[in-house]
Structures are given as C-alpha cells and as structure tokens.
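The values are calculated or read from the model by the stated rules, or taken from the named source; none is laboratory data. Please read these numbers as outputs of a predicted model, since none were measured by experiment. Here Cβ is always computed from backbone atoms with ideal geometry, including for glycine, and neighbour counts include all displayed protein chains. Note: accessible area is taken over every heavy atom of the protein model, side chains too, but ligands, DNA and RNA are not part of it. Shrake-Rupley method; radii C 1.70, N 1.55, O 1.52, S 1.80 Å.
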Amino acid sequence: MITYTYSLILFFTVIICLIASFDKRILFIRHFGAFFKAAIVVAIPFIAWDVWFTSKGVWWFNTDYTLGIVVAGLPIEEWLFFICIPFSCAFTYFCFDKFFKLDRLSGFNNIIVFVSIIVCSVTALRHHDKIYTLVTAIATIITLIYLHFIAREDWISKASLVFSVLMLGFLPVNGVLTGFGLESPIVNYNPDDFLGIRILTIPIEDAVYGYTQFLLVIYFFTKFKKNENAY
C-alpha cells in the first residue's frame, strides 16, 4: 500500500474538483480543452526544471512511496503532478472568478508585483549560492514582470487571493510530500541548495514555486479560454 502514497495524494487532490466540474452551476468541463493546453505549455519548462534539479541532486524522490515507474529520472507521479495540481488550482480560480466579484482587487496589482519583485530580488542577491532559491526567485521575477508590465494582466491580485486560499490545500498536500506524517519524505532536498526555512515540513521555495506555476497556468488558461469563446 505504501507504493500508492504519491498516487493517492494526487487522486484526493483532484477528485472533488473533477466531480464538481460537471455541476450545472459550474460546468468547468466546457473548458477542459483550454486547461489541458495551458497545463501542458506550463509543464514543459517546469518538468525540464524538475529533471535538471533531480539530475543535480538538488532534490530526489523516495521511490518506496511511488509505483516505481520512472521517466527521465522522475517518478510517473511527478509527471502527473503537473496536470493534477494545476487542474485543482485552475478549477478553484474559475469558481472564484465565476461566483465572486473580485475585479476590484486589480487596484492592488502594483503593490503585490513591486513587493514580490523586491523581495525576490533581494533574496536572489543575498542567497545566489543556493540554486533552488536563486532559480525560484528569478522565475518569479520574470513571470511577474511579463504579466504586469508586458501582458498587462489585471487579475494578478485576484489570482494572488485565490492562491492564498489554495494554501489551505497546499499545506497538507506538500506537507505529506515533504515528510509530514511519513517515516521519511517522498521528496528530499539538499540542505545546501535552499534557505532551510520551512512551513511545517515544506521549504518556503516550494510555495513561491507553486505561486509562479499557478500564475502561468491561469495566464495561459485565460488565453485559451478566450480563444474558445471566439469561435
């Protein structure tokens, strides 16, 4: 049973959102195409990042908790992670956007972007020797600069609020992956490559990594959804 641990984490993360997608009040099923396109586009660089870091020993996986199927150094569950987690995130964002009027939050975009960029920049400069910290900070800075100053998206504050709500799910999911409640973590980290600041068992970089991934999924999901509506 232990070999199904990672698989079960993904299953329980996605199953409620998947079932609710067929609810007549939500009908997220209509946007499955847009979601999968967005998830795949974002997964490509993030999986490449994952493969690279795994090969360098920045992090590694305890295969006792996986099915034992490994592709490019990653357990098959890790590949599915880049579909299942974004699905639940995109579904949650879609529901918030549908049922709550959060557009007024766009007035906080500048504050969120500037503070985030400053914090990430200072962190990257002070801890440039820690590769996970450095790459995560740079990826977040580039993402925010593009979304705010180039794409001029007005939903960053709204997405940030939704992500803060998603943290309620992020903590138990990533908590188990990083060892909470287990004899040993599913995902292990080289202590020399990150700050060592943890939320429970979760490296703080994981939260920032997740935020960046979330923003990019929402960006492409929104674009692809608009293209669907154009036809």
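Read through the list (1) more than 22 Å from F100 (Cβ to Cβ); (2) at pLDDT 95 or above, then give the number of the only condition that L147 fails.
If we test L147 against (1) more than 22 Å from F100 (Cβ to Cβ); (2) at pLDDT 95 or above, just (1) comes out false.
Given the criteria open to solvent by less than 20 Å² (accessible area, probe 1.4 Å) and not in a loop (DSSP other than H, G, I, E, B), does V176 qualify?
no
State whether the residues of the stretch 208-226 include one that is over 24 Å from T123 (Cβ atoms), free of Cβ contacts under 8 Å to residues at least 12 places away in the same chain and either surrounded by 17 or more Cβ atoms within 10 Å (Cβ to Cβ) or in contact with a helix residue (DSSP H, G or I) (Cβ under 9 Å, 6 or more places away or on another chain) (or both).
Yes, the stretch 208-226 contains at least one residue that is over 24 Å from T123 (Cβ atoms), free of Cβ contacts under 8 Å to residues at least 12 places away in the same chain and either surrounded by 17 or more Cβ atoms within 10 Å (Cβ to Cβ) or in contact with a helix residue (DSSP H, G or I) (Cβ under 9 Å, 6 or more places away or on another chain) (or both).
Give me the pairs: first residue in the stretch 159-187 and farther than 18 Å from F94 by Cβ, second residue among the charged types (D, E, K, R), beta-carbon distance under 8 Å, and six or more apart or on different chains, which are they?
Note: pairs meeting the criteria are N174/D206; T178/R198; T178/D206; S184/D64.
Inside the stretch 193-207, can you point out the residues that are at pLDDT 95 or above, open to solvent by 60 Å² or more (accessible area, probe 1.4 Å) and touching a helix residue (DSSP H, G or I) at 6+ places or on another chain (Cβ under 6 Å)?
Correct list: I197 only.
Do we have any residue at all in the stretch 195-205 that's over 18 Å from the mean Cα position of the chain (by Cα), touching a residue at least 24 places away in the same chain (Cβ under 8 Å) and closer than 23 Å to L144 by Cα?
yes
May I ask you to verify whether F53 is under 17 Å from the mean Cα position of the chain (by Cα) and either within 29 Å of V176 (Cβ to Cβ) or modelled with pLDDT of 95 or more (or both)?
Criteria met by F53.
Can you tell me which residues in the stretch 104-154 are over 17 Å from the mean Cα position of the chain (by Cα), of a type in the set (G, A, S) and crowded, with 18+ Cβ neighbours inside 10 Å?
A124, the sole residue that qualifies.
Go through the stretch 75-103 and give me each residue that's surrounded by fewer than 18 Cβ atoms within 10 Å (Cβ to Cβ), over 17 Å from the mean Cα position of the chain (by Cα) and assigned to a helix (DSSP H, G or I).
Result: I76, F96, D97, K98, F99, D103.
Please pick out the residue among R126, R152 that is more than 22 Å from V42 (Cβ to Cβ) and without any contact (Cβ under 8 Å) to a residue 40 or more places away in the chain.
Matching residue, one of R126, R152: R126.
I'd like to check something: does the stretch 32-48 contain any residue that is of a type in the set (V, I, T), open to solvent by less than 80 Å² (accessible area, probe 1.4 Å) and farther than 21 Å from I142 by Cβ?
no
Quick check on my filter: what residues within the stretch 6-50 are part of a helix (DSSP H, G or I) and hydroxyl-bearing (S, T, Y)?
If the condition is that a residue be part of a helix (DSSP H, G or I) and hydroxyl-bearing (S, T, Y), then Y6, S7, T13 are the ones that fit.
So in the stretch 155-173, with the set limited to residues that are of a type in the set (G, A, S) and under 16 Å from the mean Cα position of the chain (by Cα), which one is least open to solvent (accessible area, probe 1.4 Å)?
A159
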